[in-house]
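One structure below.
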Amino acid sequence: MESLLSNIKIYVPDSLYNKDPESSELGKQIITEGLEMIYDLGFESFTFKKLGIKIGSNESSIYRYFENKQKMLMYLSALYWGIMEYRLVLATNNIDNKR
């Protein structure tokens, strides 16, 4: 089951990122740590510089993935709704009763 779930790709529009964050470990770390920082600090206080310090990377490496923090927030939002859509499809796929 773990190998099946690791191959799932949630669609996010290409216009929201410069380089796909799911394509590298650094990109995945940017998404994970960035989401936690936005939750902890709030979106207004969140900066790529703070994120770079937290993940131990240059601020410029984050800009390789996202043009700005608004695009990153839009990416996270699209990712969230893509996951919700996937969960809905899985939950309703084998329903026998149409009502």
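The slack in the chain from S24 to E44, taken as 0.36 nm per residue of separation less the alpha-carbon distance, amounts to 4.5 nm.
Between N97 and E36, the modelled label-to-label distance comes to 4.3 nm, taking each label 7 Å out from Cα in the direction of the beta carbon. At a probe radius of 1.4 angstrom, the accessible area of the chain per residue rounds to 73 square angstrom. Ranking I95, Y39, P21 by Cα position along the charge dipole of the chain, where only Lys, Arg, Asp and Glu carry charges on their C-beta atoms, puts I95 farthest toward the positive end. Restricting attention to the chain, lysine pairs at least eight places apart or on different chains and with alpha-carbon atoms under 22 angstrom apart total 20.
The values are calculated or read from the model by the stated rules, or taken from the named source; none is laboratory data. Computed from a prediction, not measured in an experiment: that's the story for all the values here. Cβ: placed from backbone, ideal geometry, glycine included. Neighbour counts: every protein chain shown. Heads up: the accessible areas ignore ligands, DNA and RNA and are worked out on the full protein's heavy atoms, side chains in. Shrake-Rupley method; radii C 1.70, N 1.55, O 1.52, S 1.80 Å.
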